[in-house]
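Participant: Quick one: this structure, given as structure tokens, is what I'll be asking you about.
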Amino acid sequence: MQLEKFYYDNKIVKYFANATAIWGLVGMLVGLWAAIQIYYPAASLDYAGTTFGRLRPIHTNAVIFAFVGNCMFTGIYYSLQRLCKARMFSDKLSWIHFWGWQSIIVAAAITLFLGFTTGKEYAELEWPIDIMITLVWVVFGINMFGTIFKRRESHLYVAIWFYIATWITVAMLHIVNSFEIPVSLFKSYSWYAGVQDALVQWWYGHNAVAFFLTTPILGLMYYFLPKAANRPVYSYRLSIIHFWALIFIYIWAGPHHLLYTALPDWAQSLGVVFSVMLIAPSWGGMLNGLFTLRGAWDKVREEPVLKFFVVAVTCYGMATFEGPMLSLKSVNAIAHFTDWIVGHVHIGGLGWNGFMAFGMLYWLVPKMWGTNIYSKKLANNHFWLGTIGIVIYAVPLYWAGFAQAEMWKTFTESGQLKFQFLETVTNIIPMYITRSVGGTLYLIGAFMMVYNLYKTAKQGTFIANEEAEAAPLAKPESHVKEHWHRWIERRPATLLVFSLIVVAIGGILEIVPTFLIKSNVPTITSVKPYTALELQGRDIYIREGCYTCHSQMIRPFRDEVARYGEYSKAGEFVYDHPFQWGSKRTGPDLARVGGKYPDSWHYNHMMEPSLMSPGSIMPRYGWLLDDNLDTASTPAKIRAMQTLGVPYSKGYDQQANKDLMTQANSIRISLKMDKIETPANKEIIALIAYLQRLGKDIKAEKKTETASAD
């Protein structure tokens, strides 16, 4: 049979690899800056765009979608061509994908810096960018499947299964979670409210980790680790079990982020069960990777690429054991809202994602430039610096998490809480400082890698179009008996459909009942829609990223009820678009803060937090005292809420600002009585209105119940 000559496109791989390195450094620098702010709030520079609440989503988006995203595309564009023995389907689509994705990243950084955010974790980007993501993802899908369909290799290797599952599942997650009502060009409200919004968000959020940070990187592991070790994958059968079990079970596990919350118990239980089951396929994949190195461990001592891969796969195993353990209710009761979770996440982020990216780049660059790595010694130093950095980063956070949980829950002999919340924060500042030292070491290692790769490229010659040849795709012989999975592998469209069915089952069975069965969200008659001023204040709260440090979810624990008040109920959140339950408590829970302090306390606290809470690590929010409230947006916001089912009276949008100013003036007068002079049209007034509303509906319900009993 005559061989066909063609060329692999390395140029697009080079551009994605460069973007991986650049955005990796940017994302890590922003993360380090945010980490320093936690113990040195002056590092916020007293500027809105550089406070922790805005830097944190910039960091997470930069690391997830810019660093790991570009790493994923680098590996897919390189490996897919070779596994399919075909050039990418369309060079033009490749470049549209590249520049489209970089444009999304830049737009994300700018808008998040300016405070344009949906307030939903890992999905903060506003609706125009969501549309851009959808379009670019479709372009990527067309290019990927076009390449698969024109392949010269009948067998679809395991890495491609993971690429296909990644593409279809990320598309499903993004579209379902991004349903929102636009208010303006950079403002929208989530289509879902309260409990439903929390469930959809963490169905998305957990599976963004699963299908953006895990499955595509597993695909890269299945390609690059055997290549670097020059060994075949340990077990084809294990890879089949790993793939189908992982994508089926992973999608159910989202509710374990919401244990002990107002989410219905049945949904929480499903999340726990499937999270524990997740250990089996996850460790199957880890063992498949490590056992591939059988007979090649001598190479691990010599080759820095393999060192990175071994630690990456080990961190994957650690993180995917710890995750299911954290989903057990007894463990979650200790860990949730603490820094333990931050440490857990970074074992996966720094170890699994980061080290896989570093190992892949160290292997790819010499290949594409036809040379050897510039300095193995420098690469080995990077490995050890990064590994030590991970340990110094994570261990103090585990320590901090245990310390927080113990202090939160400790009572005196007389039955009083032993520690004020602020004491639980100041006690762990040394751990925060140590964490930033670990992050600095890891970042220095990344800079060393970029220098090493730059020098490697300089000493070689880039092969933009790599010559290859292969026989055309042969039709399978019908009389030959084959393994059932080989039949699926020869049909990429079938594999796509099967993957969609497998991942959709869990989402449908968890989410749909929460929307259709009313008993999941019992009505509370005293819960009313936010006033126009409170709605504006809530949007400011979201804009400033207050949810990154404060939760609004009191769990039914003795210590939380004693510290914050009545535990949270599902019916409280029916008008919350989006929900604001939070995932970390660097500050106290705010679900019942309404009426706890006078208006003047909140004013002074935002102006200078340490004035009201000596030792506070919260940054100053002076601009809220100076900036005027955008009341022109009020009617559009009211109309959007009405579209979402919030029962404002017909035509209320036209009189909303009148009511807004009436309430604002009452707060202005309250402040004046405490010797604080401020106009009624400042943003701080709206924020105070929102904070003073939190929890008052439940207090009103309690008063009604007491009166009825009397």
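The values are calculated or read from the model by the stated rules, or taken from the named source; none is laboratory data. Note that the coordinates shown come from a computational prediction; the quantities given were computed from them, not determined experimentally. Every residue, glycine among them, receives a Cβ derived from its backbone with ideal geometry; neighbour counts consider all protein chains shown. Note: areas computed on protein heavy atoms with side chains; ligands, DNA, RNA excluded. Shrake-Rupley method; radii C 1.70, N 1.55, O 1.52, S 1.80 Å.
Participant: Scan segment 286-299 and report the pairs whose first residue is over 26 Å from residue 322 (Cβ atoms) and whose second residue is buried (at least 20 other Cβ atoms within 10 Å of the Cβ), with Cβ atoms within less than 6 Å and a gap of 6+ or a chain change.
Facilitator: 296/229; 299/306
Participant: While we're on this one: Being farther than 14 Å from residue 318 by Cα and among the polar types (S, T, N, Q) is the filter; apply it to segment 275-289 and report the residue that is surrounded by the fewest Cβ atoms within 10 Å (Cβ to Cβ).
Facilitator: Residue satisfying both the conditions and the ranking: 288.
Participant: Let me ask you something else. Can you tell me how many residues in segment 512-526 are assigned to a loop (DSSP other than H, G, I, E, B) and surrounded by 19 or more Cβ atoms within 10 Å (Cβ to Cβ)?
Facilitator: Adding up the residues that qualify gives 1.
Participant: Say whether the condition of being farther than 27 Å from residue 118 by Cβ and aromatic (Phe, Trp, Tyr) is met by at least one residue in segment 520-531.
Facilitator: no
Participant: Count, please, the residues in segment 372-429 that happen to be without any contact (Cβ under 8 Å) to a residue 60 or more places away in the chain and either of a type in the set (D, E, K, R) or closer than 28 Å to residue 319 by Cα (or both).
Facilitator: 21
Participant: Now for a separate question. What's the total number of residues in segment 671-683 that are within 16 Å of residue 605 (Cα to Cα) and open to solvent by less than 80 Å² (accessible area, probe 1.4 Å)?
Facilitator: So the count comes out to 6.
Participant: Of everything in segment 606-626, what is assigned to a helix (DSSP H, G or I), open to solvent by 30 Å² or more (accessible area, probe 1.4 Å) and closer than 20 Å to residue 429 by Cβ? Give them in sequence order.
Facilitator: If the condition is that a residue be assigned to a helix (DSSP H, G or I), open to solvent by 30 Å² or more (accessible area, probe 1.4 Å) and closer than 20 Å to residue 429 by Cβ, then 610, 611, 612 are the ones that fit.
Participant: For segment 231-270, give me each residue that is surrounded by 17 or more Cβ atoms within 10 Å (Cβ to Cβ) and among the small types (Gly, Ala, Ser).
Facilitator: Hits for segment 231-270 are 239, 245, 253, 254, 262, 267.
Participant: Test of understanding: among 299, 307, which residue is charged (D, E, K, R), buried (at least 21 other Cβ atoms within 10 Å of the Cβ), part of a helix (DSSP H, G or I) and more than 21 Å from the chain's Cα centre (by Cα)?
Facilitator: Checking each option against the conditions leaves just 307.
Participant: Considering each residue of segment 627-662, count those that are under 21 Å from residue 688 (Cβ atoms), among the basic types (Lys, Arg) and open to solvent by 70 Å² or more (accessible area, probe 1.4 Å), and give that number.
Facilitator: 1
Participant: It is to be established whether one or more residues within segment 326-345 are assigned to a helix (DSSP H, G or I) and closer than 23 Å to residue 158 by Cα.
Facilitator: no
Participant: In segment 79-97, which residues are part of a helix (DSSP H, G or I) and open to solvent by less than 10 Å² (accessible area, probe 1.4 Å)?
Facilitator: 79, 80, 81, 84, 94, 97
Participant: Can you spot a residue in segment 109-117 that is open to solvent by less than 20 Å² (accessible area, probe 1.4 Å), among the β-branched types (Val, Ile, Thr) and assigned to a helix (DSSP H, G or I)?
Facilitator: yes
Participant: Would you point out which residue out of 209, 176, 195 is surrounded by 19 or more Cβ atoms within 10 Å (Cβ to Cβ), under 30 Å from residue 638 (Cα atoms) and within 20 Å of the chain's Cα centre (by Cα)?
Facilitator: Every option except 195 fails the conditions.
Participant: Same structure again: If a residue must be at pLDDT 95 or above and over 22 Å from residue 338 (Cβ atoms), how many such residues does segment 250-263 contain?
Facilitator: 0
Participant: Something else about it: May I ask you to list the residues in segment 2-27 that are among the charged types (D, E, K, R), open to solvent by 20 Å² or more (accessible area, probe 1.4 Å) and not in a helix (DSSP H, G or I)?
Facilitator: Within segment 2-27, 4, 5 qualify.
Participant: Further question: Taking residue 142, is it of a type in the set (A, V, I, L, M) and open to solvent by 40 Å² or more (accessible area, probe 1.4 Å)?
Facilitator: yes
Participant: Just to be sure, is residue 54 basic (Lys, Arg), in contact with a helix residue (DSSP H, G or I) (Cβ under 8 Å, 6 or more places away or on another chain) and open to solvent by 20 Å² or more (accessible area, probe 1.4 Å)?
Facilitator: Here the answer is no, as residue 54 does not meet what is asked.
Participant: On to the next question. How many of the residues in segment 367-393 are open to solvent by 20 Å² or more (accessible area, probe 1.4 Å) and either of a type in the set (Val, Ile, Thr) or under 30 Å from residue 9 (Cβ atoms) (or both)?
Facilitator: Count: 14.
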